[in-house]
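Okay, structure first, notes after.
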Amino acid sequence: MSGLDAADIATAYDDVRNDKKELNWLLISYAGATGNQLSLTSTGKGGLAEMKEALDDSQVQYGYVRIEYANDAESTRVKFALIVWIGENTKVMRKARVSVESGEVKRVLSHHSVAITAGDKSELDEKELVTRLRKAGGADYNGGRG
């Protein structure tokens with residue numbers, strides 16, 4: 001597998017992580033790629049909801065999303081999630097490569113608090129994701145009240 005070292009992936013990743021940029025998600029996949037290379041296929045500013053709309057049920061895609069949530073009445077937190085999307089109509093041989101390939105993707109998109117593997121968009125509920133991020137983040141000064 002190659003293509004993960006592409007400049008556009010590195011730039012999008014840095015932009016999603018940058019507090020001063022509006023970009024808050026990216027998707028990497030083979031869709032539209034030439035040959036057998038992963039490439040940046042989409043980005044956006046609309047958060048997890050917008051990224052979910054870009055997921056393709058016939059593809060394996062790797063998403064990286066910035067999630068901002070209230071930590072307590074006075075502060076917010078920013079965390080990052082890696083989404084390994086395996087669409088329900090993905091071909092069997094394509095699914096078989098995910099375990100090895102996702103390890104390489106995780107090395108490139110290395111700064112994330114949680115990694116989620118999903119095959120149905122209902123598995124990507126923002127409220128549940130924030131709950132997982134809170135648990136991964138350690139201290140919860142809001143007493144678990146969301």
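Based solely on its DSSP helices, what 222 nm [θ] is calculated for the chain when runs of n ≥ 4 H residues each add -39,500 (n - 2.57) and the sum is averaged over all residues, nearest 500 deg cm²/dmol?
Values: 5 runs with 47 residues, N = 146.
Rounded to the nearest 500, the figure is -9000 deg cm²/dmol.
Cross-link candidates for LYS79: which lysines have Cα within less than 30 Å, leaving aside residues fewer than 8 places away along the same chain?
LYS20, LYS21, LYS45, LYS52, LYS95, LYS106, LYS121, LYS127, LYS135
Can you give the charge dipole size of the chain about its Cα centre, rounded to the nearest 20 debye, using +1 on the beta carbon of Lys and Arg and -1 on the beta carbon of Asp and Glu? Write out the running numbers ahead of the final one.
Values: 20 positive and 22 negative charges, 69 e Å.
Computed charge dipole of the chain: roughly 340 debye.
Note down the nm distance, to one decimal, between modelled labels 7 Å out along Cα→Cβ at ASN18 and at SER99.
About 3.8 nm, to one decimal.
Only Cα pairs under 8 Å and at least 6 apart count here; give the relative contact order of the stretch 22-67 as a rounded whole percent. Working shown, then result.
On the way: 80 pairs, mean separation 21.5, N = 46.
Computed over the stretch 22-67, the figure is 47 percent.
Contact order normalised by length for the chain, with contacts defined as Cα pairs under 8 Å and 6 or more residues apart; what percent is it?
Numbers: 250 pairs, mean separation 28.3, N = 146.
It rounds to 19 percent for the chain.
Can you compute 3J(HN,Hα) from phi for each residue in the stretch 18-31, using the Karplus curve 6.51 cos²θ - 1.76 cosθ + 1.60 with θ = phi - 60°, rounded to whole Hz and x for Gly and Pro?
With the stated coefficients, the stretch 18-31 comes to 7, 4, 9, 9, 7, 4, 10, 7, 8, 10, 10, 6, 8, 4 Hz.
As an exercise, find the ratio Rg/Rh for the chain from alpha-carbon atoms, using the Kirkwood inverse-distance average for Rh.
Values: Rg = 15.4 Å, Rh = 15.7 Å.
Reported Rg/Rh, Kirkwood definition of Rh: 0.98.
Regarding the stretch 1-78, what whole-number volume in Å³ per residue does the convex hull of its Cα atoms give? Write out the running numbers ahead of the final one.
On the way: hull volume 7.6 nm³, N = 78.
Hull volume over Cα atoms, normalised by residue count, gives 97 Å³.
In nm, give the distance between the simple-model label positions of GLU128 and GLU50, each being 7 Å from the Cα along the Cα-to-Cβ direction.
Roughly 2.4 nm, to one decimal.
The numbers here are math on the coordinates, done by the rules we state, and not lab data. If you're wondering where the values come from, they're calculated on a predicted model, not measured in any experiment. As a convention, Cβ positions derive from the backbone with ideal geometry for all residues, glycine included, and neighbour counts pool all protein chains shown.
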